Structure formats: structure tokens, C-alpha cells
1. Give region 170-179 a look and list any residue that's farther than 17 Å from Leu133 by Cβ and more than 12 Å from the ligand (Cβ to nearest atom), or say none.
2. Which residue, of Val312, Val221, is part of a loop (DSSP other than H, G, I, E, B) and modelled with pLDDT under 95?
3. If I ask for residues that are in a loop (DSSP other than H, G, I, E, B) and of a type outside the set (A, V, I, L, M, F, W, C), which ones from region 296-309 would you list?
4. Pairs needed: first member in region 202-217, under 12 Å from Asp285 (Cα atoms); second member anywhere, aromatic (Phe, Trp, Tyr) and in a helix (DSSP H, G or I); C-beta distance under 9 Å; at least 6 residues apart or different chains.
5. What about Pro63, is it outside any strand (DSSP E or B) and crowded, with 24+ Cβ neighbours inside 10 Å?
6. How many residues does region 387-403 contain that are loosely packed, with under 14 Cβ neighbours inside 10 Å and not in a strand (DSSP E or B)?
7. Name the residues in region 69-98 that are under 19 Å from Phe330 (Cα atoms) and among the hydrophobic types (A, V, I, L, M, F, W, C), would you?
Amino acid sequence: MTLTALLGLAACTPGSQTEQTTTDGPGLTGSTTTAAATPSTPSTVANAPTSTVSSAILGLVTPAGVPVAVLEELSAGFLVMTPCGFEVELQSGKPLGRTRVVIDPGHGGPTDTGAVGANGLAEKEINLEVARLVVDLLAEGGIDAVLTRNGDYTSPLFVRAHLADTLQADLMVSIHHNAPTPGPSDEPGIEIFIQKDSKQSARLGGLLWGQTREALATFDVAWSAAEDSGVMTVLNNRGDDAYGILRHPETTTALVELGYISNPPEADLFSTPEYPPVAAAAVADAVKAFLTTEDPGSGFVEGRVFNPRPGVSQDVCSDPELGTNADRLFPDVVDVVVQKEGDGRYSFDVTLSSPYDSPEQYADAWRIRSSDGTVFGVRELLHDHAGEQPFTRSLRGVEIPTEVDTIVVEGRDLANGWGGGTMSVDLP
Ligand SMILES: [Zn+2]
């Protein structure tokens, strides 16, 4: 980062002038950025139930890699909520079903950098770097997770919350680095903010506290810490959660401030290659503990009362490129219906989306495989389906060993091979 030398120290969450705590919600006006878009109404979105035989599409990762919530399935594509909270139609993307974990990299975009260190490190960048590693670590452990923001763009807090709610997530963790700098401390000054009246948010926060403090204490740094640091609620004068990322979602959420980017020694640590994997592993371990134990966590302290300034709204929001079908390399599997035929055999009706189809490049097969790659059946497709998108084809009599509970359906592109959005389906 070079521009931060000009910006100096910008504040982060608590006591912050830049924190996004907008009360802006559904039905916002002021869509000055996207002529064709309309303010969305997330409250009308139904949470489609997941099924063991056919998985609903609740979200998409767009062709440019942007995670978005699906508002409605259309005859040829999807109505989605953009990162700014506008409704647009998308033809396709990698489908997201129910997703257990949502990781929120705080801040983003040109006006919401978050705190900025004296060394030029912007909070929005280190938040995203740590968040991406958390998602990778969880995936390695078999826990599906998505980001609320997968690039340097603006996204109001109600949109991030809506994505977590739409994906029916078990939990969301919002990742931040703190400012302004309090007094010196022998130990990391981690702060965890939790949702009021939520035992689950408290438990998530308490687990994050234990894991992150232990992990960061392995670094020898001149730490800083507030005297009342710990796991706490922060309420505004109305008695609501002061921070929007905790107030907006139905999803169990906790916000972690991993240290003070405004404190030069800590900013220097956060800029080292050693730091992000350690911080991310601690967050991932806390998430796993939340999902697999009843551990109540620790570090609970008296809450604060604080009234932050409203944060970014749609008025100053400019959506990132969502990508087009021209960027597509692979078909996406968008629906799977499986029926038991008996004798360890199954029939599959698989719907593929390959709206980029042309005679030269098209979806030319799909297959049924195990999660570790054993293939049980392949359906070849002999021509493009440019005039029939998405399209459904069947495969009967697929023999699958009795010890297999879950299969993966995957598409193939004539030019690029196997890839694109897959679907995991439990066998009936
Ligand atoms: Zn922040």
C-alpha cells in the first residue's frame, strides 16, 4: 500500500468513525450506481429448505468470483442481490446450497479501508487475507464456508448479513483489526463483540477469544490492549447491538478484532507472511470447536455502550464486476434429483447450466463420483445446448456401493475438461 502514507491512521471498529454500522436496511433508496438495478427487499426472500435428494440454490459465486445471495430462480438464470444490495439478473454462477460457515472480511472498497497502519497496511486487505485462509482451512476440514466479500469492493453490512441468512449459515465470523491504539500490554489486546441475548453468539465469541489469544501470544510483539478487553456486547442508546454486522443477521455472529493495526509494532507483525496463517488457524479452530463441541468459551467481560457513526450505505456503493458467461470455462451443476431403483442402483436427473454453449465449447458430459474421486457413472452429451438453458438429462442404473452415502455431480466442458460448480447429494 502506498496511499496510506497520506491517510495516516484511520480508525477501525470500536470508537470508530469509519465502522459500518448503518441502520440502512431493506427497501433503501438511492441507487445512483446501477441504473438497471432496484433496491432489493431481502425480507421477501424465502429460505428454501434443503433436501436429501435435490439441493436448492441459495446463493451463487458469480463468474468473476463474487458471492451473492439468490433472491429468486428465474426461467433462465437468477435474480441475485449484488454486494451493494441491488437486484440484478445473472445467467449463471457456481451454485451455493446451505453453507455452514460465513466469514466476513470487514470493510472494503475505496471509501471504507478500515484502519490503516503507519506502515501502510490497510485493514480491509489484511482482513480479507486472513478470511480467505480461514475459508481454505475450513474446507480442508470438510466444513463448507464462503466469504461475504471476495475482493476490494464496498458492501453494506445488511447485504453481508442477508447473504449469511440466505445461506442458512450456522455461524458468521466478522474479521477486523483494531484502532485507535490503547495503552501497552503484555498480551494481545483482542476484542470480541457478540450479539446481545444470544447464548450461541456468546459461545462463538468465547471460543474465538481462547483460540486467538493463545495463537497471537506466540508472537513477541509490543502489544496494546484496552483495560476492559474481552468478549462483550456493545449496545447503542436504543439498546440494540451497536455494530451492524451483529445487529442485522439472524445468523449467529461474532466480530473479532485481532489486534491493533494502529499500533506500529502490531501493524508490522500483521504485514509479515507468518501472521495470516496463524490468525486464520485460530479462527478456524474456534469455528470447528463451535460446530463440534458444547465448549462455552471464555473471556467474558462487562459490555459497553457506544453509538458509532453510520457506515457505508448504498449511496456510495459501486458494485464490482460480477463477470459474464464469456468468462466461463465449465458448466455448473444446478440441480440433481436422485431416485433409488433397488439392487444398489440409482437413477439421476441432472440439470446443467452452460449458457456459454457454442458448437466449439460446450458442456459435453456430467458424471456421478464420490468425494474422493471414484467415478460411478458418466452421461455423455454429444452437442451443445445453447438453445436450452439450463437443461436436464438423465442417467439410469448407476451402481453405487452401499457404503457410499453421498455423491458429487460434476460437469465437463469440451475444451476445458471437468470443473465448474458441483453438487453434493445424499443418496436416498
Ligand atoms: Zn474494522
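The values are calculated or read from the model by the stated rules, or taken from the named source; none is laboratory data. These figures come from a predicted structure and were not determined experimentally. When we count neighbours, we look across all protein chains shown, and the Cβ atoms used for this are built from the backbone with ideal geometry, even at glycine.
1. Within region 170-179, the first condition is being farther than 17 Å from Leu133 by Cβ, and the residues that meet it are 170-171, 178-179.
Passing the criteria: Asp170, Leu171.
2. On the way: Val221 fails: modelled with pLDDT under 95.
Only one candidate qualifies: Val312.
3. As a first pass, look at region 296-309 and keep what is in a loop (DSSP other than H, G, I, E, B): 296-299, 301-303, 306-309.
Listed by number, the residues that qualify are Pro296, Gly297, Ser298, Gly299, Glu302, Gly303, Asn307, Pro308, Arg309.
4. Note: pairs meeting the criteria are Leu204/Phe290; Leu207/Phe290; Leu208/Phe290.
5. Numbers: outside any strand (DSSP E or B): yes; crowded, with 24+ Cβ neighbours inside 10 Å: no.
It is false that Pro63 is outside any strand (DSSP E or B) and crowded, with 24+ Cβ neighbours inside 10 Å.
6. Going through region 387-403 one residue at a time, the tally reaches 5.
7. Hits for region 69-98 are Ala76, Phe78, Leu90, Leu96.
Residue by residue, here is whether (1) over 12 Å from Gly303 (Cβ atoms); (2) among the polar types (S, T, N, Q) holds:
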position: Leu157; (1), (2): yes, no
position: Asp186; (1), (2): yes, no
position: Asn236; (1), (2): no, yes
position: Asp241; (1), (2): no, no
